Amino acid sequence: MATAIPNASAASCELPPEVVACLKNARYLHLATSDGLWPHVSLMNYTYLPTTPYRLPPNNIRSSTSTSGPVIVMTTHPGTKKTLNLTTNPRVSLLVHDWVSHRPSISSTNPFSTSPTLTTHAFPTAAAEQPPQPSSLSAFLTNLNSAALSSISATLNGYAHLIPQGSEEEEYYRRVHMENNPQSENRCYLEGEEVRVVVVRIGWARVADYRGGVTDWRASDEEEVEGGDDGGMGAEVHTGVGIVNGA
C-alpha cells in the first residue's frame, strides 16, 4: 500500500544527473498544455539546454528578476491547439522517460488470435501454424536491454515562452534545435518562417524510479513557500508506486 510522505524538494540550479542523462538520450517527450478546461498532450521533438545566454521571465510570480537555468526548446505551428493553449495559459508539463514502452509481440496466447489447437482439430491433416519463437539469446538481450533502460520517468513543470519572431533569441534557439535534430523525419514542424519557437524554463521536477521511489526537485531561485506555487507538484508524494502510474 502506498504511503504518503512529506514533499521534500531538493533545490539546485542544475537538474538531477539521471534526469539530464534521460533528456540527452531520449528522442521525444510529451508536452501537456491546457486551455483551462481540457488537457492537450503532444509528442514533441525537443532540445535540452542546461543553460541559455538569454534570460527568461521567472517562473515565480513573486519574483521580478529575470533568470536563466535549464530549458527545453521546441517548435510549433501557430495554428495548432497547443500553441493556442500556450497563448492563454503558459503553464506546461513535460514527461520524459528512458524505459522501453513497446508491448510483447502477439502470440497464440492472444485472445484475439486464432487458436492453433482449434485449427488442428478443425483440420486434422494440416499442421498448426506456430508463431516464430525468439532465440534464447535474443530473448536474453531484449530483457537485458529493457532492464538497463527502465530506470526513471520525469515530469517537468514550468512556464512556456513563445520567443518573438525575427529576434536574435529566436535565431539562436532555432539553430541549436535544428542542430540537435538533424535527422528528424518531422522537418515540417522544425522549419519554416511561420513555425514558432517555444522555450520552457524548468522550475520543478518529479522523478519516479523503477524501485518505486519518488523525489522532487525545484530550481534554486524558486521559493518554497507553504501554500505557494509548487509547479503543480502537490504537497505529498506517494512511495512504492513505480514508474508507470506512479508520479
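The values are calculated or read from the model by the stated rules, or taken from the named source; none is laboratory data. Bear in mind that the values here come from a model prediction, so they are computed numbers and not experimental data. Quick reminder, even Gly has a Cβ in these numbers, built from the backbone with ideal geometry, and neighbours come from all protein chains shown. These area figures cover heavy atoms from the full protein model, side chains too; ligands, DNA and RNA do not enter into them. Shrake-Rupley method; radii C 1.70, N 1.55, O 1.52, S 1.80 Å.
Of the numbered criteria (1) of a type outside the set (S, T, N, Q); (2) under 19 Å from CYS13 (Cβ atoms); (3) modelled with pLDDT of 95 or more, the one PRO58 fails is (3).
Here is the figure for the range 68-127: residues that are in a helix (DSSP H, G or I) and either open to solvent by less than 60 Å² (accessible area, probe 1.4 Å) or modelled with pLDDT of 80 or more (or both) total 11.
Among the conditions (1) modelled with pLDDT of 90 or more; (2) among the aromatic types (Phe, Trp, Tyr); (3) in contact with a Gly (Cβ under 8 Å, 6 or more places away or on another chain), the only one that TYR210 does not satisfy is (1).
Candidates in the range 1-31 are the residues that are open to solvent by 30 Å² or more (accessible area, probe 1.4 Å) and in contact with a Leu (Cβ under 8 Å, 6 or more places away or on another chain); of these, the one that is modelled with the lowest pLDDT is TYR28.
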